[in-house]
Each structure stands twice: as C-alpha cells, then as structure tokens.
Amino acid sequence: MDTVQLKKEPPLGWIYLNRPDKRNAINDQLIKDLRQAVDDLVLDDQIKVIVITGNGKAFCAGADITQFKSLNGLTAWEFARKGRELMDYIENIPKPTIAMINGYALGGGLELAMACDIRIAAEESQLGLPEITLGIYPGFGGTQRLIRLIGKGKAMEMMMTGDMIPAKEAERIGLVNKVVPLVDLEKETRSLAMKIADKSPVALRIIKLLVNQGLDIPILAGLNMESLGWGVVFSSEEAKRGIDAFFERKKS
Ligand SMILES: CC(C)(COP(=O)(O)OP(=O)(O)OC[C@H]1O[C@@H](n2cnc3c(N)ncnc32)[C@H](O)[C@@H]1OP(=O)(O)O)[C@@H](O)C(=O)NCCC(=O)NCCSC(=O)CCO
C-alpha cells in the first residue's frame, strides 16, 4: 500500500494518506489502498477507533486533477462512483472514525473528512470544496453530506464560491468538532479517540447506525429503531458491567 500507511496501536488504528508531494490527492490507487487499510482495521478486533490523517502539509487536496484530463463522460462517472462508494463505506463501518485534519482538506479531501464521524482540525488548516473553480462540482458525496452538516445556506455558499474557510470558521459553522494548535493535534486526537475506545463497542455501533440512518428516514422509524436497539445493547456484556458498576459505586 504505497499511497496509504497503516499503524496499529491498539485500541487505536491510524491511517496516513501518503502522497505528501501531491498533497495526498486521491487517485485510483489511493482509493484501493484506503479501502484495504480501512478493511484491515475493521476486521481487527483489537482496534476500537480509527483515525485518518495525511502525511505532510495537507490532510488531502481532493481528487487527483491530473487524472481528469483523460476522463470522458463514462470514466468520470465511474471515478466519481468509486470515490463516493469509498466515502459511503467509511461512513458506515461499525467502528468510530476521526478525521485528524492537519492542513488543507479540499474537495474529495473534505468529502473524506465529512464521511468520518468526528473531525478535529489544526488551527492552520483550510477547508473547502473548490470543485466549482474547475468547472465541476463535488462528486464524492460532498453535495449531500455538507448540507446535512452545516445546513443549506452555508453549504450553497461554500460550493458555489469554492472559497476555502479557516479551521476556526469551520468550527463555528459545525463543519469541524474542535480546533487545536498543530502541535497539539495528535495529542488531542489521541485523547478523544481513547475516551471513545473505552466505551461499549456495541453501543457505539448502534449509535452510528441510528444517527447515519436517522437522517434519512421518517422520525417514527428512527425512534422505533432506537427502541429496538435497546434490546440489543441491554444484552451486551458492557451494559451488564456498566450498570453493575453504578451500583458498586453507590455501595462504596
Ligand atoms: C492544496 C493546495 C492549496 C496546496 O497548495 P501548496 O501547498 O502551495 O502546494 P502546491 O505547490 O499547489 O501543490 C503541491 C503539489 O501537489 C499537487 N496537487 C495539489 N493538489 C492536487 C490535486 N487535487 N490533484 C493533483 N495534484 C495536486 C500540485 O500540482 C503540486 O504538484 P507538482 O508536481 O509539485 O507541481 C493547491 O495545490 C490546490 O489548490 N490544489 C487543488 C485543490 C482542488 O482543486 N481540489 C479539488 C479537486 S476535484 C475533487 O476533489 C473532486 C471530488 O469531489
């Protein structure tokens, strides 16, 4: 996997996009390698939380524009489908994901970050969907995920102007969860990831399913899924331990 590096540090799994001299631009090979890396971490029972970040100056500058010259209608459609399916897959894996944004997160790079559950960004980062400046528009799920994260008005502005916004502004509009100085980025991400890794994997998995599906189904269906999920979460070992621990604390 040349374009992606994988580091296992149980309970955390780290994925580094690794084309730093091309600002980690997403080409066909990176799509394959990233899928393989995520699969590896999903199948490893010791890994509880997955962090995705970029090597070098950028998180990811989006789809590899050098590939665009050779695309025709059909191959462009296929490239967009492959990229979008990867983002859909990442969004729906059964483990929590954090995008650790260490610099530019543009186009497909921001679309990748939006497919993760939580985003932490370095103060110096710039985020945007600049596809319109190329005469195209976001094709890896950005048109749909951005409106769900920040609402229609701001999403329209970002997509129609192609302007980049600084991390602090991204935090203000709800596009990133937290902004920290670059020197603290890894420490803060690790601390958040460890806090989540300590929680019940069954409950985390059901939360992901409920939240991701809940945005797209009638509220009553979502509420019924939530109730049904209680049947599953209550039969887990973690729930038994967590509830017993509450009563133990009361005794002491
Ligand atoms: C990301 C930017 C702002 C980085 O600027 P900077 O750090 O100053 O570095 P550069 O010299 O511009 O770039 C270094 C090197 O990387 C190549 N590169 C950067 N981005 C891409 C890319 N998306 N595809 C291919 N190659 C890229 C750049 O050409 C340089 O290569 P050399 O061989 O050294 O010349 C800036 O680079 C930038 O604005 N990039 C484009 C961002 C963009 O438009 N993204 C949207 C792509 S379309 C998309 O994602 C579709 C999916 O929805």
(request) Report the net charge of residues surrounding residue 129, where surrounding means a beta-carbon distance below 13 angstrom and charges are Lys +1, Arg +1, Asp -1, Glu -1. (result) -2
(message) Ranking request for peptides 109-120, 152-163, 4-15, 67-78: highest mean number of other beta-carbon atoms within 10 Å first, then the rest in descending order.
(response) 109-120, 4-15, 152-163, 67-78
(message) Could you tell me how far the Cα centroid of segment 1-51 sits from the Cα centroid of segment 147-162, in Å?
(response) 28 Å
(request) Please give, to one decimal in nm, the separation of the simple spin-label points placed at residue 228 and residue 211, each 7 Å out from Cα toward the Cβ. (result) 2.1 nm
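Which of the peptides 225-233, 43-51 is most tightly packed, and how do the rest follow, going by the mean number of other Cβ atoms within 10 Å of each residue?
Top to bottom by mean Cβ count within 10 Å: 43-51, 225-233.
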(message) Checking the cross-link filter: which lysines have an alpha carbon closer than 23 Å to that of residue 178, excluding same-chain neighbours under 8 positions apart?
(response) 48, 57, 95, 152, 154, 168, 187, 195, 199, 208
(request) Determine the gain in length on full extension of the stretch residue 252-residue 70; use 0.36 nm per residue of separation and subtract their C-alpha separation, reporting nm with one decimal. (result) 58.6 nm
(request) Classify segment 168-252 as rounded, prolate or oblate, taking a ≥ b ≥ c as the square roots of the eigenvalues of its Cα gyration tensor: rounded when a/c is under 1.5, otherwise prolate if a/b is larger than b/c and oblate if not. (result) oblate
(message) Could you work out how much longer the chain between residue 36 and residue 219 gets when fully extended? Use 0.36 nm per residue separation minus the Cα distance between them, nm to one decimal.
(response) 62.4 nm
(message) Please report the net charge: other residues with Cβ closer than 11 Å to the Cβ of residue 183, K and R +1, D and E -1.
(response) -4
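Does segment 173-221 come out rounded, prolate or oblate by the C-alpha gyration tensor, with a ≥ b ≥ c the root eigenvalues, rounded set by a/c under 1.5 and, if not, prolate when a/b is larger than b/c and oblate if not? Write down the numbers at each step before the final one.
Numbers: a/c = 5.46, a/b = 1.68, b/c = 3.25.
The shape class here is oblate.
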(message) Roughly how far apart, in whole Å, are the Cα centres of segment 199-252 and segment 84-126?
(response) 25 Å
(request) Mind giving me the FRET efficiency for residue 163 and residue 241? R0 is 35 Å, r the Cβ-Cβ distance, nearest 0.05 is fine. (result) 0.10
(request) State the extension gain, in nm to one decimal, for the chain segment bounded by residue 182 and residue 133, taking 0.36 nm per residue of separation less the distance between their alpha-carbons. (result) 14.8 nm
(request) Using a/c under 1.5 as the rounded threshold, could you call segment 135-210 rounded, prolate or oblate? The axes a ≥ b ≥ c are square roots of the C-alpha gyration tensor eigenvalues, and prolate needs a/b larger than b/c, oblate otherwise. (result) oblate
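The numbers here are math on the coordinates, done by the rules we state, and not lab data. Because the structure is predicted, anything quoted here is derived from the model rather than measured. So basically every Cβ, Gly included, is an ideal-geometry build from the backbone, and we count neighbours across all protein chains shown.
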